[in-house]
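Have a look at the structure below before the remarks.
Rule-based calculations on the coordinates, nothing more; no lab input. This is a predicted model, so every value here is computed, not measured. Heads up, the Cβs are rebuilt from the backbone with ideal geometry, glycines too, and the neighbour counts pull from every protein chain shown.
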Amino acid sequence: MAPGMTADPQGAGESAARVRQYSPLTLAYAGDAAYELLIRTMLIRRANQPVHQLNRMASTLVKAQKQSEMAGILEPLLTEEEAAVYRRGRNAKANTHARSAGIQEYRRATGFEAVIGYLYLSGQMDRMRELVAAGLQVDVEELRM
């Protein structure tokens, strides 16, 4: 583990000011991992199934198209700070994009992941779960880790 990093399962809990200093693509990198863990947790709790079936279900929820769709649902629910993080992520110039998604979908998905990463790294786990639950239209309790 890198110096200064924590293995705290409730999120890294860094100050919001420090987290705002990370690049939007760094926030998206963290958000991608945090979001996937939430999805895997939810799917496992729903049903104990073979791993290949869990992977197939998870892949439909973690792909850029679904994240872009969720971003559209969540935009009106974001605080000013979260909206600013979303815009930074959406407008970031990534060197790659998903093969299965158009550039607009990919950028919106990156904005979504940046918000999730921001919330995770600043220790705002309840808010992260609240937004993901709203985007997926599931009960927030399904996302408890």
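Data overview
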{"read-out": "log₁₀ of I(q)/I(0) at q = 0.17 Å⁻¹ - segment 44-138, Debye sum with one point per alpha carbon", "value": "-0.77"}
{"read-out": "FRET efficiency, Asp139 to Gln21 (Cβ-Cβ, R0 35 Å, nearest 0.05)", "value": "0.55"}
{"read-out": "Charged-residue dipole, Cβ positions (Lys, Arg, Asp, Glu), segment 16-143 about Cα centre, Debye nearest 20", "value": "500 debye"}
{"read-out": "The chain: DSSP helices with Cα axial extent of at least 30 Å and average Kyte-Doolittle hydropathy no lower than -1.0", "value": "24-46"}
{"read-out": "Cβ-based net charge around Ala83, under 12 Å, with every Lys or Arg adding one and every Asp or Glu removing one", "value": "-1"}
